[in-house]
Amino acid sequence: MPILPHFYIESLSPLYEDVQSGEIFSDSKFFVDCVPLFTPDDILSKYSREKNKKGFDLKAFVTTHFAPPAEPDNSYSSANKTLHDHLSGLWNVLTRKPDELGGTLIPLPHPYIVPGGRFREVYYWDSYFTMLGLQVSKRTDIIQNMVDNFAYLINQVGFIPNGNRTYYLGRSQPPFFALMVSVLAEEKGKATLLKYLPQLEKEYAFWMDGADSLSEKNPVHRRVVLLPDGSIMNRYWDDRDTPRPEAFIEDTHIAKKSGKDPATVYRHIRAAAESGWDFSSRWFRDGGNMETIQTTELIPVDLNCLLFYLETTLCRIYEKTDTTRYTKMLAKVNSRKKAIQEYCWNEAKGFYFDYHFKDKEQSSAYTLAAAFPMFFKLVTLEQSSRVALCLKEKFLKPGGLVTTLNTTGQQWDAPNGWAPLQWIAYKGLKNTGHGNLADQVKLNWMRNCEKVFLATGKMMEKYNVTDISTKAGGGEYPNQDGFGWTNGVYLKFLTKDKTRTPVLGS
């Protein structure tokens with residue numbers, strides 16, 4: 001499938017800014033997902049002629065010149081279905097066919113699963129957790145299609161964007177592609193890893209771009225940071241420093257409120273969107289207010305664990321195919337493992353934290369990102385016991401694990417819990433011998449999902465885990481139903497867990 005020319009919403013400037021600033025739609029994402037019915041030049045020419053006329057109606061102009069995005073299919077009923085049957089049937093509802101060019105949507109060659117609700121496109125890190133459920137439902141066909149779609153994006157764009165929209169082309173999301181390939185390999189054999197080696201290498205090159213040119217004088221470039229001991233670690237980034245089109249008015253308000261250079265604030269906001277944790281006090285200097293956002297100054301523990309796994313996956317392939325590359329990559333694996341312990345482990349607190357490389361100190365924010373070293377078996381026995389104790393005493397709630405300990409109104413903070421982090425923590429605890437706590441996390445989360453399902457007939461994007469009688473809230477938009485990664489993790493929890501997290505040499 002040849003790549004087609006993209007449509008960028010910014011090509012409709014100044015109409016684009018006027019629509020988003022005017023807040024004529026309740027959701028900033030609505031307009032940027034609309035499909036132009038005429039060429040941008042024709043639309044802008046007509047807008048220029050008409051906008052100053054008496055009685056001009058901006059919303060009516062948009063309605064006339066754009067097709068609205070497709071509404072989610074709400075016809076699927078859970079009546080007389082068990083939750084398992086509901087989720088198995090929901091895969092078809094959430095499946096989208098290969099795309100033709102339409103507005104900001106980047107066409108993909110194969111069918112894929114969308115999360116649901118306002119999310120009408122594929123999302124990168126969501127898809128891994130969705131695949132866990134597809135594996136349970138024996139839908140290897142869809143897993144194969146989704147891996148091939150991501151391989152296509154890597155080949156055509158150079159990386160996997162946040163989602164298949166042109167307004168996401170400045171950033172990626174947490175790099176789960178190697179884990180996706182591993183899931184597919186479980187179903188189709190080890191040769192799968194070698195098949196996707198070119199794409200794994202390209203993704204790694206994207207995240208490590210500029211690493212070879214770092215120096216004491218120039219220690220940062222895009223997503224790589226050189227630390228004083230010579231270690232290279234990664235941060236989240238976005239190549240653009242403008243308001244996000246899908247949240248234009250929200251971003252401009254934050255930048256204005258901050259009193260700081262707007263471009264810097266926009267970059268921090270966009271980088272937090274690349275993390276998937278958009279938004280959380282984890283990224284705020286004062287731990288409470290978004291106008292203090294500082295994402296690009298932090299080295300996130302979870303991101304570096306994921307890149308450790310990507311490096312490990314490349315090592316496993318090179319071990320059998322290329323001795324020279326194996327030796328070089330093994331050195332990078334060992335260097336990153338050591339750096340995660342050096343910069344992110346806090347011996348006094350017995351927990352992992354993000355590292356603020358400009359301040360040269362760890363963040364004080366307790367977050368569930370600390371479970372990633374356990375998931376990838378990077379911890380000692382003593383470290384795992386101390387992290388597990390902290391998770392039990394500080395994070396475990398009646399409905400699952402809370403994301404952070406701060407209640408700020410942001411959706412990736414207390415009192416909310418999210419399916420992907422429940423799975424990472426559960427597997428991390430299982431991997432390190434804390435099975436009883438892992439089972440308690442699973443039980444609390446599943447009961448929460450089941451309670452909401454019985455009341456609504458739906459699975460949600462996120463849940464209130466502290467007060468399970470209250471719906472989750474916070475964030476830039478209402479809670480969404482569907483929901484891809486919640487469905488996937490719940491189905492995986494229903495089965496006897498056999499998922500492996502391969503490590504070097506396994």
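The values are calculated or read from the model by the stated rules, or taken from the named source; none is laboratory data. The structure presented is a predicted model; accordingly, all values stated were derived computationally and were not measured. Cβ placement follows ideal geometry from the backbone for every residue including glycine, while neighbour counts extend to all protein chains displayed.
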Taking the stretch 1-51 as the search range and keeping residues that are of a type in the set (Val, Ile, Thr) and within 26 Å of the chain's Cα centre (by Cα), which one is nearest to residue 63 (Cα to Cα)? 35
Over 28 Å from residue 288 (Cβ atoms) and within 19 Å of the chain's Cα centre (by Cα), is that true of residue 453? no
Among what's in the stretch 215-228 and is out of contact with any helix residue (DSSP H, G or I) (no Cβ under 7 Å at 6 or more places or on another chain) and of a type outside the set (A, V, I, L, M), pick the residue that is surrounded by the most Cβ atoms within 10 Å (Cβ to Cβ). 222
I need the full set of residues from the stretch 362-408 which are out of contact with any Gly (no Cβ under 8 Å at 6 or more places or on another chain) and aliphatic (A, V, I, L, M), in order please. 368, 369, 370, 378, 379, 388, 391, 396, 405
Please list, ordered by first then second residue, the pairs with beta carbon atoms under 9 Å, 6 or more apart or interchain, first in the stretch 417-432 and farther than 19 Å from residue 174 by Cα, second of a type in the set (S, T, N, Q). 429/384; 429/436; 431/384; 431/501; 432/383; 432/384; 432/385
Which residues, taken from the stretch 26-50, are in contact (Cβ under 8 Å) with a residue 12 or more places away in the chain and not in a helix (DSSP H, G or I)? 27, 33, 34, 35, 36, 37, 38
Among the residues of the stretch 355-390, write down those that are touching a helix residue (DSSP H, G or I) at 6+ places or on another chain (Cβ under 6 Å), among the charged types (D, E, K, R) and closer than 22 Å to residue 292 by Cβ. 358
Regarding the stretch 342-349, can at least one residue be identified that is surrounded by fewer than 21 Cβ atoms within 10 Å (Cβ to Cβ) and either touching a Cys at 6+ places or on another chain (Cβ under 7 Å) or part of a helix (DSSP H, G or I) (or both)? yes
Pick from the stretch 402-416, criterion in contact with a Ser or Thr (Cβ under 7 Å, 6 or more places away or on another chain) and free of Cβ contacts under 8 Å to residues at least 60 places away in the same chain, ranking: nearest to residue 126 (Cα to Cα): 416
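Yes/no per residue for (1) of a type outside the set (Ser, Thr, Tyr); (2) over 27 Å from residue 31 (Cβ atoms); (3) more than 18 Å from the chain's Cα centre (by Cα):
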{"site": "58", "(1), (2), (3)": "yes, no, yes"}
{"site": "61", "(1), (2), (3)": "yes, no, yes"}
{"site": "81", "(1), (2), (3)": "yes, yes, yes"}
{"site": "88", "(1), (2), (3)": "no, yes, yes"}
{"site": "108", "(1), (2), (3)": "yes, no, yes"}
{"site": "129", "(1), (2), (3)": "yes, yes, no"}
{"site": "144", "(1), (2), (3)": "yes, yes, yes"}
{"site": "149", "(1), (2), (3)": "yes, no, no"}
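Let's see how each residue does on (1) at pLDDT below 95; (2) out of contact with any Gly (no Cβ under 9 Å at 6 or more places or on another chain); (3) among the polar types (S, T, N, Q):
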| position | (1), (2), (3) |
| --- | --- |
| 118 | yes, yes, no |
| 126 | no, no, no |
| 147 | no, yes, no |
| 160 | no, yes, no |
| 172 | no, yes, yes |
| 176 | no, yes, no |
| 180 | no, yes, no |
| 184 | no, yes, no |
| 189 | no, yes, no |
Hey, can you tell me all the residues within the stretch 347-377 that are under 16 Å from residue 286 (Cβ atoms) and either in contact with a Pro (Cβ under 7 Å, 6 or more places away or on another chain) or at pLDDT below 95 (or both)? 354
Any residue in the stretch 293-305 that is at pLDDT 95 or above, outside the structural domain of residue 414 (by TED's automatic domain parsing), outside any strand (DSSP E or B) and touching a Leu at 6+ places or on another chain (Cβ under 8 Å)? yes
What is the number of the single condition among (1) surrounded by fewer than 22 Cβ atoms within 10 Å (Cβ to Cβ); (2) in contact (Cβ under 8 Å) with a residue 40 or more places away in the chain; (3) closer than 18 Å to residue 275 by Cβ that residue 156 does not meet? (3)
Going by what's in this entry, would residue 168 be described as touching a residue at least 12 places away in the same chain (Cβ under 8 Å) and either farther than 20 Å from residue 419 by Cα or hydroxyl-bearing (Ser, Thr, Tyr) (or both)? no
Restricting to the stretch 242-264, and then to whatever is touching a helix residue (DSSP H, G or I) at 6+ places or on another chain (Cβ under 6 Å) and farther than 24 Å from residue 123 by Cβ, can you tell me which residue is surrounded by the fewest Cβ atoms within 10 Å (Cβ to Cβ)? 257
Here are 286, 278: which of them is under 14 Å from residue 238 (Cβ atoms), out of contact with any Asp or Glu (no Cβ under 6 Å at 6 or more places or on another chain) and not in a helix (DSSP H, G or I)? 278
Which residues, taken from the stretch 302-339, are among the β-branched types (Val, Ile, Thr) and touching a residue at least 60 places away in the same chain (Cβ under 8 Å)? 312, 313, 317, 321, 333
Exactly one condition in (1) in a loop (DSSP other than H, G, I, E, B); (2) under 24 Å from residue 402 (Cβ atoms) is false for residue 272; which is it? (1)
Contact list please: Cβ distance under 8 Å, first residue in the stretch 475-499 and within 17 Å of residue 444 (Cβ to Cβ) and assigned to a loop (DSSP other than H, G, I, E, B), second residue of a type outside the set (A, V, I, L, M) and modelled with pLDDT of 55 or more, pairs at least six apart or on different chains. 497/427; 497/430
Options 425, 419, 438: the member that is surrounded by fewer than 24 Cβ atoms within 10 Å (Cβ to Cβ) and within 25 Å of the chain's Cα centre (by Cα): 438
Quick one: which residue in 503, 452 is surrounded by fewer than 20 Cβ atoms within 10 Å (Cβ to Cβ) and either under 25 Å from residue 90 (Cα atoms) or modelled with pLDDT under 95 (or both)? 503
